[in-house]
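Engineer: Questions regarding the structure given below will be posed in turn.
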Amino acid sequence: MQVGKAEILSVHFPRPKITVVGAGNVGATAAQYAVEKELGDVVLVDVIEGIPQGKALDLAQAGPVHGYDSALVGANGYDDTANSDIVVITAGLARKPGMTRDDLLFKNAEIVGSVVDQIVARSRNAILILVTNPLDAMVQLAWKRSGFPTSRVIGMAGILDSARFRTFIARELNVSVENVTAFVLGGHGDTMVPLPRYSTVAGIPITELLPKEKIDALVTRTANGGAEIVNFLKTGSAYYAPAASAIEMVEAILKDKKKILPCAAYLDGQYGVKGLYVGVPVKLGRRGVEQVIEITLTADEQAAFNKSAAAVRELVEKLKL
Ligand SMILES: NC(=O)c1ccc[n+]([C@@H]2O[C@H](COP(=O)([O-])OP(=O)(O)OC[C@H]3O[C@@H](n4cnc5c(N)ncnc54)[C@H](O)[C@@H]3O)[C@@H](O)[C@H]2O)c1
């Protein structure tokens, strides 16, 4: 197509295709952040008739105001997802008050399994980012079911848990969240392992800035961060920060940023764990997980990590993959 003398480049270089499965709170917000950052064109899929179509159209109509050209399509089937570069899977049930992530295990395993089958049949080279809970078990299931290499099946949890920790640290010290880095390892659940020694404000470990009792209180609040929001919302769970976290992964991958981020990644002996997805720092680039970063843990930290990995393994074993 010609506009004046200039040929539109997208004819030759199409934008990356991002599929988001599940057009609920996390999925729709992830689609929103993806197009606002112009990371690619978005296909939004959900089983509820009309919801993905309506949300995709509404979001497309925010484009002229926000200034993005990404194309958005909503669908109840998978044909439009063909040849996706990246697929964010948020389909499933969210936690209700009093419900643990583990309660969701069997129902969401059924949903995620069928979603993965549909995606794999049409996008053999895609990178899968799992969001559905219980996260670590769902990513292990998606990996097995897809037959994809471990580098192309990744779970989102650590970025969210770290973002929560960073928020609490910044508020406590009255500094910009941008100055705060934090590391949270382990499974996404009550056994997650925040690492204060590796959490810093402008490079200074928080262990030099806050007393131990204060850090312990922030760590506890981080570990209960999801439940705190569920208790407020009552009819759903957190979605702004989860969606932002998933999109940070999408961006790191599509832009080949080689960004070090905590994600649920497959461990093959690293941190003393073999054959299991657990939250660890990884390098994310265009090939997905390009490296698992091993950091030195103290005996206490390693013990907490082992406990967390054991909780993940117990859950995964229930799935009999
Ligand atoms: N990993 C994390 O850190 C994290 C954070 C937040 C939420 N979550 C999880 O993400 C999931 C989604 O949360 P939410 O708040 O968006 O829930 P939601 O209920 O708002 O949305 C889920 C959507 O999935 C759809 N769905 C159900 N079965 C489907 C199927 N077979 N195919 C396609 N779509 C299907 C539903 O119709 C619904 O629209 C939940 O499992 C939640 O626990 C994980």
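No lab work stands behind these numbers, since they all come straight from the coordinates. Keep in mind the model is a prediction, meaning the values are calculated, not measured. Reconstructed Cβ throughout: ideal geometry from the backbone, glycine too, with neighbour counts over all protein chains shown.
Engineer: Amide H of I86: which non-local residues (sequence gap of 5 or more, or other chain) have their own amide H closer than 5 Å, using H built in the peptide plane?
Structural biologist: K17, T19, I127
Engineer: Let me ask something else. Quick check for you: which residues of the stretch 59-81 have the amide N under 16 Å from the point 7 Å beyond the Cα of V47 toward its beta carbon?
Structural biologist: Correct set: 75-78.
Engineer: May I ask for the angle, rounded to the nearest 10°, between helix 158-173 and the longest principal axis of the chain, with both axes built from Cα atoms and the value confined to 0 to 90°?
Structural biologist: 60 degrees
Engineer: Related question: Going down the table (K107/K307; K234/K318; K234/K320), which pairs top 30 Å between alpha carbons?
Structural biologist: K234/K320
Engineer: Where does the charge balance sit around T222 when Lys and Arg score +1, Asp and Glu -1, over other residues with C-beta under 10 Å from its C-beta?
Structural biologist: After counting each charged neighbour, the total is +1.
Engineer: So, one more: Taking the alpha-carbon distance from K144 and a cut-off under 20 Å, which aspartates and glutamates remain once sequence neighbours fewer than 8 residues away in the same chain are dropped?
Structural biologist: Hits, sequence-local ones excluded: D85, D102, E110, D117, D136, D268, E290, E314, E317.
Engineer: If you wrap a convex hull around the C-alpha atoms of the stretch 49-101 and split its volume per residue, what is the figure in Å³? Walk me through the intermediate numbers first.
Structural biologist: Numbers: hull volume 7.2 nm³, N = 53.
Hull volume over Cα atoms, normalised by residue count, gives 136 Å³.
Engineer: Roughly speaking, what is the stretch gain from T298 to L319, that is 0.36 nm per residue apart minus the C-alpha to C-alpha distance, in nm to one decimal?
Structural biologist: 4.4 nm
Engineer: Estimate the FRET efficiency between K274 and N83 by the formula 1/(1 + (r/R0)^6), using the beta-carbon distance for r and 35 Å for R0, to the nearest 0.05.
Structural biologist: On the way: r = 34 Å, r/R0 = 0.97.
With a Förster radius of 35 Å, E is 0.55.
Engineer: Please state the equivalent ellipsoid semi-axes for the stretch 80-176: what are the square roots of 5 times the Cα gyration tensor eigenvalues, largest first, in whole Å?
Structural biologist: Ellipsoid half-lengths, sorted descending, are 28, 18, 10 Å.
Engineer: While we're looking at this one, here's another question. Taking amide H atoms as placed 1.01 Å from N in the peptide plane, list the residues 5 or more away in sequence, or in a different chain, whose amide H sits under 5 Å from that of L130.
Structural biologist: Amide H neighbours of L130, under 5 Å, 5+ apart: I89, I154, G155, M156.
Engineer: Oh, and also: Over the chain, calculate the relative contact order: mean separation of alpha carbon pairs under 8 Å at least 6 apart, over the residue count, as a percent.
Structural biologist: 16 percent
Engineer: Among 123-131, 251-259, what's the highest-first ranking by average C-beta atoms within 10 angstrom per residue?
Structural biologist: 123-131, 251-259
Engineer: Averaging over all projection directions, find the projected area of the Cα convex hull of the chain and quote it in nm² with one decimal place.
Structural biologist: Taking a quarter of the hull surface, the average projection is 17.4 nm².
Engineer: State the Cα centre-to-centre distance between the stretch 41-59 and the stretch 222-295 in whole Å.
Structural biologist: 25 Å
Engineer: Round to the nearest 10 and give me the degree value, 0 to 90, for the angle of helix 135-146's Cα axis relative to the longest principal axis of the chain.
Structural biologist: So the inclination is approximately 50 degrees.
Engineer: Could you order the peptides 180-193, 234-247, 284-297 from most to least packed, using the average number of other C-beta atoms within 10 Å per residue?
Structural biologist: Sorting 180-193, 234-247, 284-297 by mean packing, highest first, produces 180-193, 234-247, 284-297.
Engineer: Same structure, new question: If we count every other residue with Cβ under 12 angstrom of D41's Cβ, Lys/Arg +1 and Asp/Glu -1, where does the sum land?
Structural biologist: Net charge in that neighbourhood comes out at -2.
Engineer: Can you work out ³J(HN,Hα) from phi for every residue in the stretch 183-194, in order, using Karplus 6.51 cos²θ - 1.76 cosθ + 1.60 and θ = phi - 60°, giving whole Hz and x for Gly and Pro?
Structural biologist: So the J values, rounded to whole Hz, are 10, 10, 10, x, x, 8, x, 5, 9, 4, 10, x.
Engineer: Mind sorting M249, M156 by how few other Cβ atoms lie within 10 Å of their own Cβ, fewest first? Write down the numbers at each step before the final one.
Structural biologist: Numbers: M249 24, M156 31.
Taking fewest neighbouring Cβ atoms as first place, the list is M249, M156.
Engineer: Shape of the stretch 274-321 from its Cα gyration tensor (a ≥ b ≥ c, root eigenvalues): rounded if a/c is under 1.5, otherwise prolate when a/b > b/c, or oblate?
Structural biologist: Because a/c hits 1.5 or more and a/b fails to exceed b/c, the stretch 274-321 counts as oblate.
Engineer: With a ≥ b ≥ c the root eigenvalues of the C-alpha gyration tensor of the stretch 106-225, is it rounded (a/c under 1.5), prolate (a/b larger than b/c) or oblate? Write down the numbers at each step before the final one.
Structural biologist: On the way: a/c = 3.42, a/b = 2.47, b/c = 1.38.
Prolate is the answer for the stretch 106-225, as a/c is 1.5 or above and a/b outweighs b/c.
Engineer: To the nearest 0.05, what FRET efficiency results for N179 and F13 with a Förster distance of 41 Å applied to their C-beta separation?
Structural biologist: My answer for the efficiency is 0.65.
Engineer: Related question: Give me the net charge of K258's neighbourhood, meaning all other residues with Cβ under 13 Å from the Cβ of K258; Lys, Arg count +1, Asp, Glu -1.
Structural biologist: So the environment of K258 carries a net charge of +3.
Engineer: For the stretch 188-317, take every pair of Cα atoms, bin their distances at 10 Å starting from 0, and report each bin as a whole percent.
Structural biologist: Spelled out per bin, shortest first, that is 11, 33, 41, 15, 0.
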